[in-house]
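So the structure is just underneath, and the comments pick up after that.
The values are calculated or read from the model by the stated rules, or taken from the named source; none is laboratory data. Fair warning: this is a prediction, and the values are worked out from it, not measured in the lab. Quick reminder, even Gly has a Cβ in these numbers, built from the backbone with ideal geometry, and neighbours come from all protein chains shown. Surface accessibility is based on the protein's heavy atoms, side chains included, excluding ligands, DNA and RNA. Shrake-Rupley method; radii C 1.70, N 1.55, O 1.52, S 1.80 Å.
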Amino acid sequence: MSLESVLDKHIVVCAGSGGVGKTTVSASIALEAAKRGKKAIVVTIDPAKRLANSLGLKELSNEPKRIRPKQFIDAGLKPAHLDAMMLDTKTTFDALVHKYAKDEARAERIVSNRFYLAISGALSGTHEYMAMEKLYELHTEGDYDLIVIDTPPTRNALDFLEAPKRMTSFLEGRLLKWFLLPALGGGKGVFKVMNFAAAQFLRVVQKVIGAQLLKDTADFFANFEGMYEGFKERAQEVYELLRQNETAFVVVTAPTAQAVDEALFFAARLNEYDLPFGGLVVNRIHPLWQVAAISGAGDDLIDPLIKVVHDFALVANREEESLARLQQEVPEYRWARVPYMTKEVVDLGALDEIADHIFGTSDPIPRAQSGG
C-alpha cells in the first residue's frame, strides 16, 4: 500500500472534493520527490495560507519560491530542491491576454477593461483554466523533474477538467456577443437597428447593470475577438499532456461516506476521460487498537475511559465500512493510508511524516475490527 510509482512521473495532479487534505498531500508528495534528489515544485490554487505555513514560508506568490535549507535542517532533513507557488489567477490571465492579443494596445485595452477586471478572477472555470496554463508553462520550461498540482477546492473534483471548457465557451459565446456588440454604438439610437428580442434584452440589462458597464462588456468582447482559438488550442494541449504516461492523477479522499462516494465517482470518470490513475490517498483515518476488557463498572475514573474507547471504536469501524465500498472499486494495493494527525501540519517535519505514510516507509495504521 504505497504510491511509490507516482514519483517516477513528471506531473502529479492531486484531486478530490474540498476539505479532504489535497494541499497537504500535494506538498508531502513534492517533499518526498525532493528528498530523493528530484527538482520538485508544488503549485496550489487554494488561497488559504496552509501550504505556505507548512513549508515555513510567510507567503506564496505567482512565481516559484525556493524552500530554504534551514527549513529542511530544522526538520531533521537534508536540504533539497523544493519550490512552491500559489496561483494568482488574474496575473496568469493577464499574461495570456498579452500573449494572444493581436497587438499590445489591444491587450492593454482588455486588461484595463472594467468588465474584464470583474470576471478575470471570478468567472466560472477561470481558476481551473489558469491552473492548467501554469502547469503547461512549468512543463515547457523544463526546470522541474516533478510538478505537483493541488487542484482548487471544489464540491466536484471534475471541475478541474470540465470548468476550462465552460470558460472558453463563455468567452466564445456567439449568442452573448450577438446581443452585446450592438451596444458598442452607444446611445438610444442603437435600439433602432436591432431586432426586437435583442433590443428588449439590452434595455433590461442596461437598467440592471447600467449603460457604462454594458458598454464595457461589449468593448471587452469586441477586443477579445480573434483570441478564442488561442485559448481553446492551449486548453486542448494541456488535456493531451494530462493523458500522457508521464502524468498521474492522485485521488485524495477522507474515510467518510460522502467523500468515498465522490472519490469513486472521480476515479470512474478518470477512466472515461482516459486519464492515468496513479493511486488513492485516504487521509485522516482513525486507528483502532485492540484493548483488553476493562473491569471497572461504577468507577468514576475508568468508566469515562471505557466510553471513549468504545466511541473511538465506533468511529473507526464506521470509517472501515465506508472504505470497504471503496476497496470493491479500487484495489487496496493502490491505496495509501494516512492517519488522523494528532498535531497540526505546520512544518516540513509534519509533511515528511505524512509522506512516510503515503510512500510506505512508516508503520501501517492499526486497522479497525468488525463488531467494534
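Look through region 123-179, keep the residues that are assigned to a loop (DSSP other than H, G, I, E, B), modelled with pLDDT under 70 and farther than 29 Å from LEU31 by Cα, and return whichever of them is least open to solvent (accessible area, probe 1.4 Å).
Keep residues of region 123-179 that are assigned to a loop (DSSP other than H, G, I, E, B), which gives 123-125, 142-145, 151-158, 173.
Next, from what is left, pick out any that are modelled with pLDDT under 70: 124, 153-158, 173.
So of that shortlist, the ones also farther than 29 Å from LEU31 by Cα come out as 124, 173.
Details: SER124: 65, GLY173: 18 Å².
This residue is GLY173.
Among the residues making up region 237-269, a single one is in contact with a strand residue (DSSP E or B) (Cβ under 8 Å, 6 or more places away or on another chain), of a type outside the set (D, E, K, R) and surrounded by fewer than 20 Cβ atoms within 10 Å (Cβ to Cβ): LEU241.
When region 222-236 is examined, which residues are found to be open to solvent by less than 60 Å² (accessible area, probe 1.4 Å) and either of a type in the set (Gly, Ala, Ser) or more than 22 Å from PRO152 (Cβ to Cβ) (or both)?
Let us first name the residues in region 222-236 that are open to solvent by less than 60 Å² (accessible area, probe 1.4 Å), namely 222-224, 226-228, 230-231, 234-235.
Result: ALA222, ASN223, PHE224, GLY226, MET227, TYR228, GLY230, ALA235.
Could you pull out the residue among PHE359, PHE312, PHE277, PHE265 that is aromatic (Phe, Trp, Tyr) and at pLDDT below 80? Steps first, answer last, please.
Working: PHE359 fails: at pLDDT below 80; PHE277 fails: at pLDDT below 80; PHE265 fails: at pLDDT below 80.
Step by step, each of PHE359, PHE312, PHE277, PHE265 is checked, and only PHE312 is aromatic (Phe, Trp, Tyr) and at pLDDT below 80.
Residue pairs whose Cβ atoms lie under 9 Å apart, sitting 6 or more positions apart in sequence or on different chains, and linking a residue in region 255-269 that is at negative phi to a partner that is small (Gly, Ala, Ser) and loosely packed, with under 15 Cβ neighbours inside 10 Å, are ALA259/GLY19.
Looking only at region 19-47, how many residues end up being outside any helix (DSSP H, G or I), open to solvent by less than 40 Å² (accessible area, probe 1.4 Å) and of a type outside the set (S, T, N, Q)? Residues that pass the stated criteria total 8.
Per the conditions (1) modelled with pLDDT under 85; (2) surrounded by fewer than 16 Cβ atoms within 10 Å (Cβ to Cβ); (3) not small (Gly, Ala, Ser), the sole criterion not satisfied by GLU272 is (1). Which one is most open to solvent (accessible area, probe 1.4 Å), of the residues in region 62-90 that are within 15 Å of GLU137 (Cβ to Cβ) and in a loop (DSSP other than H, G, I, E, B)? That would be GLU63.
Kindly indicate whether LYS102 is buried (at least 20 other Cβ atoms within 10 Å of the Cβ), out of contact with any Asp or Glu (no Cβ under 7 Å at 6 or more places or on another chain), at pLDDT below 90 and under 30 Å from PHE221 (Cα atoms).
Numbers: buried (at least 20 other Cβ atoms within 10 Å of the Cβ): no; out of contact with any Asp or Glu (no Cβ under 7 Å at 6 or more places or on another chain): yes; at pLDDT below 90: yes; under 30 Å from PHE221 (Cα atoms): yes.
Here the answer is no, as LYS102 does not meet what is asked.
Just give me the residues in region 3-18 being at pLDDT below 95 and outside any helix (DSSP H, G or I), in sequence order. Of everything in region 3-18, those that are at pLDDT below 95 and outside any helix (DSSP H, G or I) turn out to be LEU3, VAL13, CYS14, ALA15, GLY16, SER17, GLY18.
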